[in-house]
Amino acid sequence: MRNPAIDVQAALTRAHHEEWARVVAGLTRRFGDLDIAEEAAAEAFATAVRRWPAEGVPPNPGAWLTTTAARKAIDRIRRENKRDDKHREAQMVYDGPPETVGAIDDDRLRLIFTCCHPALAMQARVALTLRMVGGLTVPEIARAFLVRETAMEQRITRAKAKIKAARVPYRVPSAEDLPARVSGVLAVLFLVFNEGYLATGPGTDPLRPGLTAEAIRLARLIRALMPDDGEAAGLLALMLLTEARGTARVSADGELVPLAEQDRGAWDASLIAEGHRLVRGRLAAAAAGTAPGRYQILAAINAVHTSARDVRDTDWTQVLALYDQLVRLDSSPIIALNRAVAVAELDGPQVALAAVDRLGDTLSGYHAYHATRADLLRRLGRSRQARAAYDKAIDLAGNTAETAYLTRRRDQPH
């Protein structure tokens, strides 16, 4: 027999995941204030935690939370002695007919674009998105990014204040601004995912599944709200195909396991299948004349890797062709570094090392540059130089699992 308390807890968790952004977004549109929206939503969920175990889960949890949050917002407006006309406007909205689902979805999209507005620093965008859209608490966000709670609270408070002072419009950007603004939103989500997938900071857990799960959840939301955006689909596919390998990336000893050495039987087949479906959909769009973007190409590269049952089956020719396509969109040295790994598989480590060495001026402070050089030098039998490169990579690595792997590789007999 199921435990009713467990059922209520599951309903609360599901409601928080599914309804938080809807409630906050709807309140932001109605009252025009992120502070009021956040506080009222939090109070509504706290009320649900107190009342649902005793009264039962309401038939429509989202409507219950929206109604309760609206009441909380109006109570706050009363307490703060807002102007009478503001109060009447709020009361009229509260007493009015319920919103359609489509309108609520539009509100959530407006909220995301507001939180990711380019007027805010990237760190502020990340924190505000996780709080206002994701519903993470300030302590949760602070722990995820190794920041004191007070500092994170101040960061979020300043971001909301800047939005209010700058009169950032609560709307979906115009058609001409939309591509650039969408890329900014996706960049926020990718940053969140990367921090969870390979966490920075010594002495911390190398992987933070909660953060990658949150990034994927928000990417699914963007995908649902913008189903025709190829890069939104590409980013979700990239996250899914990367996350699918998560359980195989760190050994029982806490050491990073590189792709070539991972147990492919431990990969998540359902995430891979979903990611492949998204990639195939984008390939079909490309065949119809829609050029793929950066995230779509990265997802396609990951699809090639996750299609191989054994590392020896990897189609490196296709991987290199995709990197060549990516370089035309993004000529960053990090993309060139990753391309060199594919070159090594096709043309040998000597050719790849020459390509990597050309990046030294711009990537000398990047641990992966030195780790890649070390591996190539090791394969060429240049042991002393390889060891020096490993030492540099270890000094710069910020992840405990990477440090453990690089140290073992450095100390292995050549």
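The values are calculated or read from the model by the stated rules, or taken from the named source; none is laboratory data. Keep in mind it's a predicted model, so treat the numbers as computed, not measured. Because the Cβ atoms are built from the backbone with ideal geometry, glycine has one as well, and the counts that use them run over all protein chains shown. To get the accessible areas, we keep the full protein, side chains included, count just its heavy atoms, and leave off ligands, DNA and RNA. Shrake-Rupley method; radii C 1.70, N 1.55, O 1.52, S 1.80 Å.
May I have the count of lysine pairs in the chain with C-alpha atoms under 26 Å apart, counting pairs 8 or more residues apart or located on different chains?
Eligible lysine pairs with Cα atoms under 26 Å apart amount to 11.
Averaging sequence separations of C-alpha pairs under 8 Å and six or more residues apart, then dividing by the length of segment 331-414, give the relative contact order as a whole percent. Could the numbers behind the result be given before it?
On the way: 88 pairs, mean separation 19.3, N = 84.
Dividing the mean separation by the residue count of segment 331-414 yields 23 percent.
Would you work out the relative contact order for the chain, in percent, from Cα pairs under 8 angstrom that are 6 or more residues apart?
Values: 501 pairs, mean separation 44.1, N = 414.
Taking the mean separation of contacting Cα pairs over the length of the chain, I get 11 percent.
Restricting to DSSP H runs of at least four residues, report the calculated mean residue ellipticity at 222 nm for the chain, -39500 (n - 2.57) per run over all residues, nearest 500 deg cm²/dmol. Intermediate values should be presented prior to the final figure.
Working: 20 runs with 292 residues, N = 414.
Taking each H run of at least 4 residues, the total per residue is -23000 deg cm²/dmol.
Please work out how much length the chain gains when fully extended from Arg71 to Ala54, using 0.36 nm per residue of separation minus the C-alpha to C-alpha distance, in nm with one decimal. Walk me through the intermediate numbers first.
Values: separation 17, 0.36 × 17 = 6.12 nm, distance 2.08 nm.
Fully extending the segment from Arg71 to Ala54 adds 4.0 nm.
Using per-residue counts of other Cβ atoms within 10 Å, averaged over each peptide, order 371-379, 30-38 from highest down.
On the way: 371-379: 22.7, 30-38: 20.4.
Descending packing order for the listed peptides: 371-379, 30-38.
Does anyone have the angle between helix 294-307 and the longest principal axis of the chain? Alpha-carbon axes, 0 to 90°, nearest 10?
60 degrees
Give me the percent of accessible area attributable to carbon and sulfur for the chain, probe 1.4 angstrom. Intermediate values should be presented prior to the final figure.
Values: 10680 of 20230 Å².
Answer for the chain is 53 percent, counting heavy atoms of protein chains only.
Give the distance, in whole Å, between the Cα centre of segment 138-195 and the Cα centre of segment 297-374.
Segment 138-195 and segment 297-374 have Cα centres spaced 31 Å from each other.
What is the extension gain from Asp315 to Ile334, computed as 0.36 nm multiplied by their sequence separation minus the C-alpha to C-alpha distance, in nm to one decimal?
Numbers: separation 19, 0.36 × 19 = 6.84 nm, distance 2.13 nm.
Taking Asp315 through Ile334 to full extension adds about 4.7 nm, to one decimal.
What is the angle, in °, between the Cα long axis of helix 178-197 and the longest principal axis of the Cα atoms in the chain? Nearest 10 is fine, range 0 to 90.
Result, in degrees: 70.
Compute the angle between helix 316-329 and the longest alpha-carbon principal axis of the chain, please, reported from 0 to 90 degrees and rounded to the nearest 10.
Roughly 60 degrees between the two axes.
In nanometres, what is the gap between the two model label sites at Asp391 and Arg78, each 7 Å from Cα along Cα-to-Cβ?
7.2 nm
Comparing Leu298, Leu27, Leu329, which has the greatest mean-square fluctuation in the GNM of the chain with Cα pairs linked when under 10 Å apart?
Leu329
Can you give me the accessible area per residue for the chain, using a 1.4 Å probe, in Å²?
Details: 20230 Å² over 414 residues.
Result: 49 Å² of accessible area for each residue.
Stretched out fully, how many nm does the piece from Glu176 to Leu259 gain, at 0.36 nm a residue minus the Cα gap? If you can, show how the numbers build up before the last one.
On the way: separation 83, 0.36 × 83 = 29.88 nm, distance 4.02 nm.
Here the answer is 25.9 nm.
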